[in-house]
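Mind having a look at this structure? Questions to follow.
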Amino acid sequence: MVRIDKNITINRPVEDVWQYLTNLENMPLWDRDVIEAKQISDGTIGAGTTVKVIDTLIGRRSGLLQIIEFSPYNRFVIRAAAGPSIGNLEFTLEPVSDGTKVREISEIELHGFLKLFEPAFTLFGKKFSQGDFANLKRVLEAD
């Protein structure tokens, strides 16, 4: 299993960061791997919301994201399934003196031939995904 734990502080109130992050259709604006994200479930964003994504992490592929836990302005968990990988992305938000601390813990199970590359995913995953967090910070602080 690949486990990546990262965090960043964004100079915006928790409410702003929460609204932006939980709208999974915003992912292509800050996550370099996501080309497209479209909510396919009805209703407002919350537990059960399902989003179809197209990404380029390992070639161009599509998959589904589903919010499986949702505690407003504090924590949400996304279950991701695409190609030969499946996992959870847990986001927690915490107000701090200079904005909002965002923490993401990714736990991804690789299957098939990808399991051979697990050490590389772990080694390079944090550095690469930290760049996406820097994008998130830049986008949110630019508004």
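What follows draws every value from the coordinates through simple rules; no lab data is involved. Predicted model only: the values in this text are computed from it and were never measured. Cβ: placed from backbone, ideal geometry, glycine included. Neighbour counts: every protein chain shown.
Can you show me the helix-derived [θ] at 222 nm for the chain, built from DSSP H runs with n ≥ 4 at -39,500 (n - 2.57) apiece and divided by the number of residues, rounded to the nearest 500. Before the final figure, lay out each step's value.
Details: 2 runs with 34 residues, N = 143.
Computed mean residue ellipticity for the chain: -8000 deg cm²/dmol.
Report the Cα centroid-to-centroid distance between the stretch 108-135 and the stretch 6-61 in angstrom, as an integer.
A separation of 18 Å, based on Cα centres.
For the stretch 96-108, what does the Karplus curve 6.51 cos²θ - 1.76 cosθ + 1.60, with θ = phi - 60°, yield as ³J(HN,Hα) per residue in whole Hz, taken in order and with x for Gly and Pro?
Once θ is set to phi - 60°, the couplings for the stretch 96-108 become 10, 4, 10, x, 10, 8, 10, 10, 10, 10, 9, 10, 10 Hz.
Which residue fluctuates most in the GNM of the chain (Cα springs below 10 Å): Leu64, Leu21, Leu114?
Result for the chain, Cα springs under 10 Å: Leu114 fluctuates most.
Who wins for biggest fluctuation among Ser41, Ser106, Ser129 in a Gaussian network model of the chain, springs between alpha carbons below 10 Å?
Looking only at Ser41, Ser106, Ser129, the biggest GNM fluctuation is shown by Ser41.
Here's a follow-up. Once R0 is set to 35 Å, what does the formula 1/(1 + (r/R0)^6) return for the Cβ-Cβ distance between Tyr73 and Phe117, expressed as a FRET efficiency to the nearest 0.05?
It comes to 0.45.
How would Arg12, Arg138 line up from fewest to most surrounding beta-carbon atoms within 10 angstrom?
Arg138, Arg12
Around Ile68, with a cut-off of 11 angstrom between Cβ atoms, what is the net charge of the other residues, counting Lys and Arg +1 and Asp and Glu -1?
The answer is -1.
Here's something else I'd like to know. In the stretch 94-140, if every C-alpha pair distance is counted and binned at 5 Å from zero, what percent goes to each bin?
With a bin width of 5 Å, the distribution comes to 5, 16, 22, 19, 14, 11, 8, 4, 1, 0.
Would you calculate the convex hull of the Cα atoms in the chain and tell me its volume per residue in Å³?
On the way: hull volume 13.9 nm³, N = 143.
Enclosed volume per residue, from the Cα hull, is 97 Å³.
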